[in-house]
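I have a structure here, written as structure tokens, and I will follow up with some questions on it.
Nothing in this text is a laboratory measurement; each read-out follows from the coordinates by a stated rule. Predicted model, so just to flag it, every value in this text is computed and none were measured. Neighbour counts are summed over all protein chains in view; Cβ atoms, including those assigned to glycine, are modelled from backbone coordinates with ideal geometry.
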Amino acid sequence: MQTTEASPEKSTVDLSGRCTHASSEPVRLADPDLESERLDKRLPTDEGDSIDAVQTLETFFEAASERGDIPIWKRVLDVSCIVLTLPLWLPIFLLIALWIKIASPGPIFFRQERIGYLGKPFTILKFRTMKVNVETRVHERHLEQLIQSNVPMTKLDSSGDPRIIAGGRILRATGLDEAAQLINVLRGEMSLVGPRPCTRYEFERYQPWQKQRVNAL
């Protein structure tokens, strides 16, 4: 029987492709002896029906990972930071909401679908800085031009834009319009620290290697 050996270059390319594909899949490393011992182990229950805490936590973490949830340790950190700073940002929230209602009729929040952790879509919240029922595809066209020209990402210049409500430019310049995303963090849809959730049309235009950003914490 005749066999052929693949060239080192071809093997390297094939290995690189497999690694790229595997990088998007969840991988769990375990000690086979430890796993076998854990499966065979049967702990006797006390009067209070004691539970193997380690096994319970592992099951919880694995289920959260399958659902695409943010890791529990990061959720605890996010929620703790928001709760501890509640007296600081809650009055700011109320003032911004009041100003938006005075400056422009319509909802307080702007809602848009974004792609979150592990590619899970969710509705992001921002304090509304534009008038209601205006053309909103300007940002999409701006993004398409940036992708086609392969230049660094820049924000769309909103100076002189008649669609912006009174005070809207200040909210955008200071980033206060994005403070509403603390609600998304409390819901577990975002984290205080992590990649910027992109829009669906932005995600669909990414190269395969660029889409790996949704796997980052």
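Neighbour counts of other C-beta atoms within 10 Å: give me Asp177, Asp78 arranged from fewest to most.
Final ranking by Cβ density, sparse to dense: Asp78, Asp177.
What is the calculated FRET efficiency for Val83 to Lys120, with r their C-beta to C-beta distance and R₀ = 22 Å, to the nearest 0.05?
The pair Val83/Lys120 has a calculated efficiency of 0.35.
Beyond 30 Å between alpha-carbons counts as too far, so tell me which of Lys126/Lys211; Lys131/Lys211; Lys74/Lys126 fall in that bin.
From Lys126/Lys211; Lys131/Lys211; Lys74/Lys126, over 30 Å: Lys131/Lys211.
Taking 0.36 nm per residue of sequence separation and subtracting the Cα-Cα distance, how much length would be gained by fully extending the chain between Arg200 and Val134, in nm to one decimal?
21.7 nm
Let me ask another. Need one number: nm distance between label points at Leu146 and Asp161, each 7 Å from Cα along Cα→Cβ, rounded to one decimal.
Taking the simple label geometry, Leu146 and Asp161 are separated by 1.2 nm.
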